[in-house]
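Novice: Below is a structure I'd like to ask you about.
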Amino acid sequence: NNAGVCPPSLLKPRPWLPIIEETHHRPYGGLRARMPSERILFVDDDPVSRRSFARAMRQSGFIVDLAKDGDEAWELATHFPYAVIATDLRMPGMDGMMLIDQLRELQPDPVCLLVTGVKQLEWYREAEKSGVDVIQKPWNGDQLAEALRAALREYHTRATHVAPPESE
């Protein structure tokens, strides 16, 4: 009887799934368990930008998953809830605003950030109309970490303002 035994095929490493970190270092000291809803998804077609973002934000205590395009981002978003989704604006196949629109259909709650070096006013207006904050490239690690902390605060503020269930 093999009831309750995990088949060996499920034990194989899955390189497309990120490593789940159970704890992080709080910027103000101490360790605590991370809620799954505090994950951050960063999408950028440039591998150097992805590595830099991940290194800087993990050093600041964030749990970061990386995707190189919209397909990888969608795949990750089907497996993990995100509090913040940050994406590059210009990517092959699908720009960051289109990606945000699609990911919001799957996960409507995350705070979305557009990370871009584009300085065209119409992109800022489009992002503002969509409720997306813009982070300008090149970014400073401390400024980016503060923007992500603010996004997490906004996410948790939204989550705590859910209407209580009606009493019977």
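The values are calculated or read from the model by the stated rules, or taken from the named source; none is laboratory data. All values reported here derive from a predicted model rather than from experimental measurement. As a convention, Cβ positions derive from the backbone with ideal geometry for all residues, glycine included, and neighbour counts pool all protein chains shown. The area values use the complete protein model at the heavy-atom level, side chains included, leaving out ligands, DNA and RNA. Shrake-Rupley method; radii C 1.70, N 1.55, O 1.52, S 1.80 Å.
Novice: Going by what's in this entry, would Val84 be described as closer than 18 Å to Lys137 by Cβ, in contact (Cβ under 8 Å) with a residue 60 or more places away in the chain, β-branched (Val, Ile, Thr) and out of contact with any Gly (no Cβ under 7 Å at 6 or more places or on another chain)?
Specialist: yes
Novice: A further question follows. Could we say that Leu148 is open to solvent by 40 Å² or more (accessible area, probe 1.4 Å), modelled with pLDDT of 90 or more and among the hydrophobic types (A, V, I, L, M, F, W, C) here?
Specialist: no
Novice: Let me ask something else. For Glu154, only one of the following conditions fails: (1) surrounded by fewer than 19 Cβ atoms within 10 Å (Cβ to Cβ); (2) closer than 23 Å to Val48 by Cβ. What is its number?
Specialist: Unmet for Glu154, out of (1) surrounded by fewer than 19 Cβ atoms within 10 Å (Cβ to Cβ); (2) closer than 23 Å to Val48 by Cβ: (2).
Novice: If you don't mind, another one. Show the residue pairs that are 6+ apart or on different chains and have beta-carbon atoms under 7 Å apart, the first residue being within the range 45-57 and open to solvent by 40 Å² or more (accessible area, probe 1.4 Å), the second being among the aliphatic types (A, V, I, L, M).
Specialist: As it stands, the answer is Asp45/Met91; Arg50/Leu66, since those pairs meet every condition given.
Novice: So, in the range 104-134, exactly how many residues are crowded, with 20+ Cβ neighbours inside 10 Å and within 15 Å of the chain's Cα centre (by Cα)?
Specialist: Final tally of qualifying residues: 7.
Novice: Could you tell me whether Arg50 is at pLDDT below 85 and within 23 Å of Glu146 (Cα to Cα)? Write out each step before concluding.
Specialist: Numbers: at pLDDT below 85: no; within 23 Å of Glu146 (Cα to Cα): yes.
No: the conditions fail for Arg50.
Novice: Let me ask another. Does Gly96 satisfy being in contact with a Gly (Cβ under 8 Å, 6 or more places away or on another chain) and more than 16 Å from Ala150 (Cα to Cα)?
Specialist: So Gly96 does not fit the description; no.
Novice: Residues in the range 76-128 that are of a type in the set (Phe, Trp, Tyr) and not in a loop (DSSP other than H, G, I, E, B): how many? Working first, answer last.
Specialist: First, pick out the residues of the range 76-128 that are of a type in the set (Phe, Trp, Tyr): 80, 82, 123-124.
Then keep just the ones that are not in a loop (DSSP other than H, G, I, E, B); that gives 123-124.
The total comes to 2.
Novice: Look at Asp101 and say whether it is acidic (Asp, Glu), modelled with pLDDT of 90 or more and open to solvent by 20 Å² or more (accessible area, probe 1.4 Å).
Specialist: Details: acidic (Asp, Glu): yes; modelled with pLDDT of 90 or more: yes; open to solvent by 20 Å² or more (accessible area, probe 1.4 Å): yes.
When the stated conditions are applied, Asp101 passes them.
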